[in-house]
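A.B. asks: Below is the structure I would like to discuss, written out as structure tokens.
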Amino acid sequence: MSNAAPIAPVADRSDAPLHVALIMDGNGRWAAARGLPRAEGHRRGVDALRRVVRAAHELGIGYLTIFSFSSENWSRPAAEIGDLFGLLRRFIRNDLASLHRDGVRVRVIGERDGLEPDICALLNEAEELTRNNSRLTLVVAFNYGSRQEIARAAQRLAREVAEGKRDPDTIDAEMLGQYLEAPDIPDPDLIIRTSGEQRLSNFLLWQAAYSELVFVPMHWPDFDKAALEGAIAEFARRERRFGGLVAKTAS
Ligand code: FPP
């Protein structure tokens, strides 16, 4: 046992996470369990996403980040990649107006180079239309990989050093963080992964340094407001000390 002072009571802890990030896993297994094609699992995954965006509003969450296509998902069969891109196209075309009406600001992180021009145009349109909204920020991680994001930040910094614009001694963690894709968005307080897998799979590795991780056994298409509330209740039971001794809130 250490002689450290006892951990302070957590009376000032707010129960609601400001930023929730979601690894929406298990669409394929949900479909397989029902004898349905994987595409149907993804389609039902979009229905779950709609429910959860609405629930996030109602629960007062400020930022919701969704892992909708990872840099590593390119290794899937071309038909499935086509299905996922089709769902993104339909999600933006069908839902953008109502997201805008509901005060949702859409942000997109991930590599745009190499995406089809119409996808890039839709992502830009979603960001442009909703840029002044403030009720909920929906961060769509599309063609996203965290190691790639960190490598791009390092590359930009290295270029500035090579051009004589930056002294390498000034580079610290805070500065590198400013070179990531959305430095204005607070780190996630809570990361939820569905389907029982317990890993981050190259999602927000830098930003997750002090995130609480909650793994739920249900597959993503079954996720709903009650499941989100359950994960938030679990989050509220956690004691966040950010490496110190005293429990703190994230903000
Ligand atoms: C994981 O399930 C899920 C994905 C790879 C993509 C998540 C995408 C959606 C929920 C729908 C798309 C939403 C938008 C906005 C494009 P999995 O296929 O890995 O499932 P499995 O592990 O059971 O095979």
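The values are calculated or read from the model by the stated rules, or taken from the named source; none is laboratory data. Treat the numbers as computed from the prediction; the structure is a model and nothing was measured. Note that each Cβ is placed from the backbone with ideal geometry, even for glycine, and that neighbours are counted across all protein chains shown. The area values use the complete protein model at the heavy-atom level, side chains included, leaving out ligands, DNA and RNA. Shrake-Rupley method; radii C 1.70, N 1.55, O 1.52, S 1.80 Å.
A.B. asks: Would you mind computing, in nm to one decimal, how far apart the modelled labels at Leu59 and Arg29 are, each placed 7 Å from Cα along Cα→Cβ?
C.D. replies: 2.1 nm
A.B. asks: A follow-up question, please. Modelled label-to-label distance, Ala151 and Glu125, 7 Å Cα→beta-carbon offset: nm?
C.D. replies: A separation of 3.2 nm, rounded to one decimal place.
A.B. asks: Can you give me the C-alpha center-to-center distance between region 211-251 and region 62-79, rounded to a whole angstrom?
C.D. replies: Rounded to whole Å, the Cα centres lie 22 Å apart.
A.B. asks: When the Cα atoms of the chain are enclosed in a convex hull and the volume is divided per residue, what value in Å³ results? Please report the intermediate quantities before stating the final value.
C.D. replies: Values: hull volume 40.0 nm³, N = 251.
So the per-residue Cα hull volume is 159 Å³.
A.B. asks: Hey, can you rank 211-217, 87-93 by average C-beta count inside 10 Å, highest first?
C.D. replies: 211-217, 87-93
A.B. asks: Using each residue's phi in region 58-73, evaluate 6.51 cos²θ - 1.76 cosθ + 1.60 at θ = phi - 60° and report the 3J(HN,Hα) Karplus result to the nearest Hz, with x for Gly and Pro.
C.D. replies: Here the 3J(HN,Hα) series is 5, 8, x, 6, x, 9, 10, 10, 10, 8, 9, 7, 9, 4, 7, 5 Hz.
A.B. asks: Turning to a different aspect of this structure: Going by amide H atoms built from the backbone, whose H comes under 5 Å of the H on Arg105, apart from near neighbours?
C.D. replies: Arg135, Leu136, Thr137, Leu138
A.B. asks: In whole Hz, with x marking every Gly and Pro, tabulate ³J(HN,Hα) for region 79-89 from phi via Karplus 6.51 cos²θ - 1.76 cosθ + 1.60, θ = phi - 60°.
C.D. replies: Working through the residues one at a time gives 5, 5, 4, x, 4, 5, 5, x, 5, 5, 4 Hz.
A.B. asks: Would you mind telling me the share, in percent, of accessible area of the chain contributed by carbon and sulfur at probe 1.4 angstrom?
C.D. replies: Percent of accessible area from carbon and sulfur atoms in the chain: 51.
A.B. asks: Continuing with the same structure: Show me, for region 103-108, the HN-Hα J-couplings you get by feeding each phi into the Karplus relation (A = 6.51, B = -1.76, C = 1.60, θ = phi - 60°), rounded to Hz, glycine and proline as x.
C.D. replies: x, 8, 9, 9, 10, 10
A.B. asks: To continue, here is another question. What nm distance separates the two modelled labels at Arg159 and Ala79, each placed 7 Å from Cα along Cα→Cβ?
C.D. replies: 4.0 nm
A.B. asks: Could you tell me the relative contact order of region 101-145? Use alpha-carbon pairs under 8 Å, at least six residues apart, and round to a whole percent.
C.D. replies: Numbers: 59 pairs, mean separation 29.3, N = 45.
Across region 101-145, relative contact order equals 65 percent.
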